[in-house]
Each structure stands twice: as structure tokens, then as C-alpha cells.
Amino acid sequence: MDQDNQQIAMQIQKLRQQMQNITMQKEETKQERKEIDDAIEEMEEADSDEIYKSVGNVLVSKDFNVLKEELEERKEDLEVREKSLNKKEKQIQEKLEESQENLSTQMQGGGLAQ
């Protein structure tokens, strides 16, 4: 394998690693959104104005509406992050496919010349 092919192969490996990182970030984001949805659902079912939020090792009393608004804002932030990750994932996937095609073409071209 010549130096150009090695560089392309290294780029492919780097892109695959980036895809794995994005996949992990998307899973973490999805899990946190689910936890927020579950928390909001539990808060609404509790039918109580007495709501507590965990802050480190301490539970702090919080107003229902204030806490719900905080959770909704965090959920919106996560949705924006997920959209950004999807866009980045698509860009990397396109680069990965292009690099794989380049490597394949280079390998075929090199094989024909021998």
C-alpha cells in the first residue's frame, strides 16, 4: 500500500472513530431526554406542589412550575444538540463514503498498473 493509500486509510479510520463518538453522544442525549420526559410525567402524576430537585447530595424544594420550565428548557437544548449531531453525522458519513470510494479507486488503479 503506497503512502497515499495509507493516508486515505488513516482518514477512514479517523472518520469511523468520529462516527462512534457521535453515536455515543446521540445515545447520551436521547437517554437524558427520556429521563426528563419521565421526570415531567412523574411530577404531573404526583399532584403535589411539593417538588424536590437533587442538587449534589441534597434535595432542594422547588416550585413545580419553575422546575418544569427548567426541565423543558433543558429538553429543548438537548433537541437542538441532537439536530446538530445528526447534521454532523451526515457530513462525516458523506466524507467516509467519499474516502472509501477514493481508496477503492486507488487500490484498483494500482492493481491494474502492475
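Could you list all residues from the stretch 1-15 that are out of contact with any Ser or Thr (no Cβ under 8 Å at 6 or more places or on another chain), surrounded by 13 or more Cβ atoms within 10 Å (Cβ to Cβ) and either of a type in the set (G, A, S) or modelled with pLDDT of 95 or more (or both)? Scanning the stretch 1-15 gives A9, K14.
Yes/no matrix, rows are residues, columns are (1) in contact (Cβ under 8 Å) with a residue 12 or more places away in the chain; (2) surrounded by fewer than 11 Cβ atoms within 10 Å (Cβ to Cβ); (3) of a type in the set (D, E); (4) over 30 Å from I8 (Cα atoms):
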| site | (1), (2), (3), (4) |
| --- | --- |
| E35 | no, no, yes, yes |
| A39 | yes, no, no, yes |
| V55 | no, yes, no, yes |
| K68 | yes, no, no, yes |
| E79 | yes, no, yes, yes |
| K88 | yes, no, no, no |
| I92 | yes, no, no, no |
| G109 | no, yes, no, no |
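The single condition among (1) of a type in the set (D, E); (2) part of a helix (DSSP H, G or I); (3) touching a helix residue (DSSP H, G or I) at 6+ places or on another chain (Cβ under 8 Å) that D49 does not meet is (2).
The sole residue among K30, K14, K62 that is over 26 Å from K83 (Cβ atoms), free of Cβ contacts under 8 Å to residues at least 60 places away in the same chain and not small (G, A, S) is K62.
Residue check: is M43 touching a strand residue (DSSP E or B) at 6+ places or on another chain (Cβ under 7 Å), outside any loop (DSSP other than H, G, I, E, B), farther than 29 Å from Q3 by Cβ and not basic (K, R)? Judged against the criteria, M43 is a match.
Condition check ((1) modelled with pLDDT under 95; (2) of a type in the set (V, I, T)) across all residues:
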| position | (1), (2) |
| --- | --- |
| Q31 | no, no |
| E45 | yes, no |
| I51 | yes, yes |
| K68 | yes, no |
| R74 | no, no |
| N86 | no, no |
| I92 | no, yes |
| A113 | yes, no |
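The values are calculated or read from the model by the stated rules, or taken from the named source; none is laboratory data. These numbers come from a predicted model, not from an experiment. Counting neighbours? That spans all protein chains shown, and the Cβs are built from the backbone with ideal geometry, glycine included.
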